[in-house]
Amino acid sequence: METLEPISMTTMVSLIVAVIALSIAIIAIQASSKTNKRLNITLELLNSLHKIIETNKANIAELENKLSVELQEADHVTKNTSQSDIAKEQDIIQISQSIADLQVQIDKLSAQYQELVEQEPTAKIYTKAQSLVRSGASVAEVMEACDLPRAEVEVMMGIQEKARK
């Protein structure tokens with residue numbers, strides 16, 4: 001039977017350093033995974049907020065057009081004030097109030113959006129990447145500008161294409 005030679009101090013230190021390095025690498029991988037999950041959730045929230053803002057903008061435009069039409073009609077009949085004229089004026093007041101309410105909602109959503117962006121520093125990179133994707137930048141341009149992996153940029157572009165449909 002062979003006897004094992006005692007481990008030298010240098011070998012022992014090297015072994016301990018290797019175990020510590022392996023532990024640090026495992027911890028870093030786990031932290032990166034958690035960060036990616038948070039970033040994905042943040043990106044989904046940003047996309048949802050963007051859709052809500054776009055819907056509200058469309059509603060405001062529609063209400064403004066309605067208001068414009070109502071104002072034009074009101075100008076034509078101001079000479080003959082009647083009960084229907086008073087009702088139209090009330091409708092205009094209600095539409096104006098609706099527009100003001102929608103503007104308040106948009107302001108709140110914008111503030112929430114800004115808070116989300118400021119909460120996660122790395123979300124700024126994703127926000128910039130999302131803006132580039134929306135503006136039609138190529139995968140390579142987004143990768144270079146934001147230092148993101150190809151797979152993440154391609155996912156963002158896929159999400160943008162679905163949003164356009």
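Odds and ends about this structure:
- Charged-residue dipole, Cβ positions (Lys, Arg, Asp, Glu), segment 42-164 about Cα centre, Debye nearest 20: 180 debye
- The chain - mean residue ellipticity at 222 nm from DSSP helices (-39,500 (n - 2.57) per run, n ≥ 4, rounded to 500): -31000 deg cm²/dmol
- Charge dipole (the chain, unit charges on Cβ, about Cα centre) - positive-most of L102, A87, P149: P149
- The stretch between V13 and A151, if pulled fully straight at 0.36 nm per residue, gains 45.7 nm over its current Cα-Cα span.
- Of the GluC sites (Glu not before Pro) found in segment 1-67, those that fall in a DSSP loop while having at most 15 other beta-carbon atoms within 10 Å are E2.
- More than 27 angstrom apart: percent of Cα pairs within the chain: 56 percent
Where a number appears in this text, it was derived from the coordinates with a stated rule and is not lab data. Keep in mind it's a predicted model, so treat the numbers as computed, not measured. Here the Cβ is made from the backbone with ideal geometry for all residues, glycine too, and neighbour counts use every protein chain on show.
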